[in-house]
1. Would a scan of the range B:91-114 turn up a residue that is in the same structural domain as B:V206 (by TED's automatic domain parsing), of a type in the set (S, T, Y), at pLDDT 95 or above and under 14 Å from A:H185 (Cβ atoms)?
2. So for the range A:59-69 (the condition being within 16 Å of DNA strand D (Cβ to nearest atom) and either within 17 Å of the chain's Cα centre (by Cα) or not in a helix (DSSP H, G or I) (or both)), does at least one residue qualify?
3. Which of the residues that make up the range A:73-85 are farther than 23 Å from A:R105 by Cα and in a helix (DSSP H, G or I)?
4. Considering every residue within the range A:151-171, establish whether at least one is more than 10 Å from chain B (Cβ to nearest Cβ) and either at positive phi or open to solvent by less than 30 Å² (accessible area, probe 1.4 Å) (or both).
5. Please find, within the range B:24-48, the residue that is nearest to DNA strand C (Cβ to nearest atom) out of those that are open to solvent by less than 30 Å² (accessible area, probe 1.4 Å) and assigned to a helix (DSSP H, G or I).
2 protein chains.
Amino acid sequence: MPALSRRERPAKPALTREGIVDAAVRLMESEGLQRVTMRRLAQELDTGAASLYVYVANAYELHAAILDRLLARVDLAPAPDWREGLHRVLRSYADLLFAHPSLARSALSLRPNGPNYLALVDTLLGLLAAGRVPAVQAAWGVDYLLQTATATAAEHAVDTKRDAEAEWQQLSDTLASASADDYPHLHQRAADLVSGTPSERSYWAVDMLINGIIATPTPH
Amino acid sequence: MPALSRRERPAKPALTREGIVDAAVRLMESEGLQRVTMRRLAQELDTGAASLYVYVANAYELHAAILDRLLARVDLAPAPDWREGLHRVLRSYADLLFAHPSLARSALSLRPNGPNYLALVDTLLGLLAAGRVPAVQAAWGVDYLLQTATATAAEHAVDTKRDAEAEWQQLSDTLASASADDYPHLHQRAADLVSGTPSERSYWAVDMLINGIIATPTPH
DNA sequence: ACCTGAACACCGTTCAAGT
DNA sequence: ACCTGAACACCGTTCAAGT
C-alpha cells in the first residue's frame, strides 16, 4: 500500500546543503560529532552516503559547517566594562564547546570563517580597542584568546570511551610521587600544578592573556 | 621450503610493549599517525591486530605512548638567561610537533605523563622560578605555555588531504572583504590579523604569556 | 600465557548506471 | 542535474579456539 505509507510520513524532503547541515547539527547534539559520519548522516536523511557529496565536499567540511552554525549561539551582548566583556564572551564561547565535547575536540583544527566566527572576532577586537590595547597587539592577541579557550575545552572534552576521572587521578598520583632528585621543581610544586577549579583557572587565564597582550609590543 | 624461508628473514621477534611502541614510532615517522592503526601496525609486526591488545589497552593508549617516547627529543639544555631558556625549550617542543604534523593534531588530547613529560614540566618550572615568578602563577602558567605551543602546532598541522594554502587564502580573502558596517573592527584591522611570520608570532606569544603570568596573581 | 583467524559493526570516497 | 547501489580499501575491538 504505497499510498498509505506515503501519507504516514511526510514526503522525503529534497536534499539541500542547508537541510544536510541542519540534520548534522541535530545528529551531533544527540549522538556526538564522532557519530556524524557521511554514512550515518545519510541514513538519517533516508538516502545513501554518496548523495551527500553533491552538497558537501567531504567529512571535514561538514564538521566545519556544524561549528559555524553553532557559533551563532555565542553571547556577544555588551558588558559594562571591556575586561568584563572579554570574560563574558570567552566564557560563553567556552561553555558552548564544553556543552559539545566531541565538537570541542575537533574545533582546533576546524578553522571556521563564516559570519558567526567573524562576528566573534569583531567583538573581541572591539573590546580590546575599548581597553586601548594597541592595534597589532590586539589583532595577534585575539588569536590566542580564542585558541586558549578552544584548547581548554578540547582538553577537558575527553572521549566518552576514556575514563577522565581515572586519567586525572593518574596524573595527580604521578605528580605527587615525582622524585625530588629527578624533578626538584615538580616535586616542590606538585600541589600547585593541580590546584584551583577549572573555572578559577579559566578566569585567571583570560586575565593573564589580557595582561600579557597589553604588556607585549609586537615587532616592527 | 620452510627451512630456507626461515633463514631469509631473521626469526620473528617476540612481541613486547617496547617493541610495539618502537614499531609504532617508526611507522608514525614514515607514514604519519593516521596510519598507526592497530591493523596496520600489526601487519608491520607480522601478526594480527588482536595480538597487540595483550600489550596495549587501545589505540588511544598507543598514540599517547608514541608522544611520550618522542618527548625525549626535546632540548632541555640550560640557557644563559631564564627567559631565553623558556623560548628555547618551547621552540624545541614546538619544532618536534611541527616535524610530526599528524601527532601535533592529536597532542592536545593525548595527556602524557611519562618521564619525558615530567622532565619538560620540571624544566619550565625551574626557568620560571629562576625568573622569580610566584610559585602558583608559575605552576598554572606552565600549563598554558605548553598548551599554546601544542595548539599552535596543531593548527598549522593541516591534514594532508586538505589544502592549507587554499584555506589560508580563503580566510585572508574573507577578512579583507569583511564589510565595514557588519564588522567595523575586523574591517579596520584585517591586515593586522594576518600579519607577521609564524615564528614572529610564536616568539611574541611566548613573551606575551611570560608577561601575563608575571603580571597576574592567582586567587586565594 | 600468548597468539590467531574470523567475525561484528563500522568508516570515507568513487563511480557507473539509472532517473 | 541529481541520486543510487555497489564496490574499494579500510577501521577498532572481541572472542572462541588453538598452541
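The values are calculated or read from the model by the stated rules, or taken from the named source; none is laboratory data. Remember, it's a predicted structure, so these values are computed and weren't measured experimentally. Here Cβ is always computed from backbone atoms with ideal geometry, including for glycine, and neighbour counts include all displayed protein chains. Note: areas computed on protein heavy atoms with side chains; ligands, DNA, RNA excluded. Shrake-Rupley method; radii C 1.70, N 1.55, O 1.52, S 1.80 Å.
1. No, the range B:91-114 has no match at all.
2. Scanning the range A:59-69, I find at least one residue that is within 16 Å of DNA strand D (Cβ to nearest atom) and either within 17 Å of the chain's Cα centre (by Cα) or not in a helix (DSSP H, G or I) (or both), so the answer is yes.
3. A:W82, A:R83, A:E84, A:G85, listed by residue number.
4. yes
5. By that ranking, first place goes to B:A42.
Table: residues versus (1) touching a helix residue (DSSP H, G or I) at 6+ places or on another chain (Cβ under 8 Å); (2) touching a residue at least 24 places away in the same chain (Cβ under 8 Å); (3) not acidic (D, E).
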site	(1), (2), (3)
B:E44	yes, no, no
B:A49	yes, no, yes
B:Y60	no, yes, yes
B:L67	yes, yes, yes
B:F98	yes, yes, yes
B:V133	yes, yes, yes
